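First comes the structure, then the notes that go with it.
The values are calculated or read from the model by the stated rules, or taken from the named source; none is laboratory data. All of these numbers come straight from a predicted model, not from anything done at the bench. Please note: Cβ atoms are built from the backbone with ideal geometry, for glycine as well, and neighbour counts cover all protein chains shown.
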Amino acid sequence: MTFDTDEPTPALGAILDEGRGSLPYQLIHGESLVACAAWALGQAEVDLVDASVTWDGIVEAGADLVLHDALCPMTPPSFLASCLDHARETGRAVVGVRPVTDTVKVVADGLVGETLERDRLLAVASPLVLPVAVLPHLPAQPPSDLAAAVAALAAAGHRVDTLEAPPAGRRVASADYVRLLEALTGPVGPPRG
């Protein structure tokens, strides 16, 4: 048997919905957020991993891992693929981010203090791509909260690159945010076979 060496090893992907309440099952364009996120991974040519696969099983598979937040359901497949390509080219983890548009204040000892400069802040969106070379060096599966996962990677000495996600890749925090995202995007569906 021969293998085409020009074809990269398929990446594995997981949809993160744990700890997010019922929001991943809200509908956008008539489909659940979690289904839209799964379809985007499929269209980015990432193989979904069943939740029953252990962390050791994922590491032993010898493939890059794409963690996609169900609360970023409309992230374009092309952006997921570009994050994967970046991780493969650099050997570093990469996370999708969005600019911060809210006013952010420092609070200390119960008192509101100075305003932070928004242009120096980023909001973690999705995905978080872990290249195959990084996986064996992680003591356990990263937290399902991508901001906490990025912090844990950085604390363990792993560099995490950021790529700006398009507006459709924004994270939703409530049903109102889902309606806004629905107004900004078009319907999606399962990959065509």
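Of all residues being polar (S, T, N, Q) and at pLDDT 95 or above in region 60-109, which is farthest from G13 (Cα to Cα)? Just the residue, please. Steps first, please.
Within region 60-109, the first condition is being polar (S, T, N, Q), and the residues that meet it are 75, 78, 82, 90, 101, 103.
Of the ones still in play, those that are also at pLDDT 95 or above are 75, 78, 82, 90.
Details: T75: 14, S78: 15, S82: 14, T90: 19 Å.
Result: T90.
What pairs come out if I take residues in region 83-94 that are more than 15 Å from E45 (Cα to Cα) and pair them with residues that are small (G, A, S) and modelled with pLDDT of 95 or more whose C-beta lies under 6 Å away, six or more apart or interchain?
Hits for this filter: V94/A87.
Only one of these is at pLDDT below 95, in contact with a Phe, Trp or Tyr (Cβ under 9 Å, 6 or more places away or on another chain), farther than 20 Å from S78 by Cβ and of a type in the set (A, V, I, L, M, F, W, C): L153, L180, L138, L122. Name it.
Details: L153 fails: in contact with a Phe, Trp or Tyr (Cβ under 9 Å, 6 or more places away or on another chain); L180 fails: in contact with a Phe, Trp or Tyr (Cβ under 9 Å, 6 or more places away or on another chain); L122 fails: in contact with a Phe, Trp or Tyr (Cβ under 9 Å, 6 or more places away or on another chain).
None of the other options fit; the residue is L138.
Just to be sure before I move on: is A147 modelled with pLDDT of 95 or more and either within 20 Å of the chain's Cα centre (by Cα) or buried (at least 16 other Cβ atoms within 10 Å of the Cβ) (or both) in the structure I sent? Please lay out each step first, then the result.
Numbers: modelled with pLDDT of 95 or more: no; either within 20 Å of the chain's Cα centre (by Cα) or buried (at least 16 other Cβ atoms within 10 Å of the Cβ) (or both): yes.
Criteria not met by A147.
Please enumerate the residues belonging to region 43-59 that are over 10 Å from A14 (Cβ atoms) and either within 14 Å of the chain's Cα centre (by Cα) or among the polar types (S, T, N, Q) (or both).
Those that are over 10 Å from A14 (Cβ atoms) and either within 14 Å of the chain's Cα centre (by Cα) or among the polar types (S, T, N, Q) (or both): Q43, A44, S52, T54.
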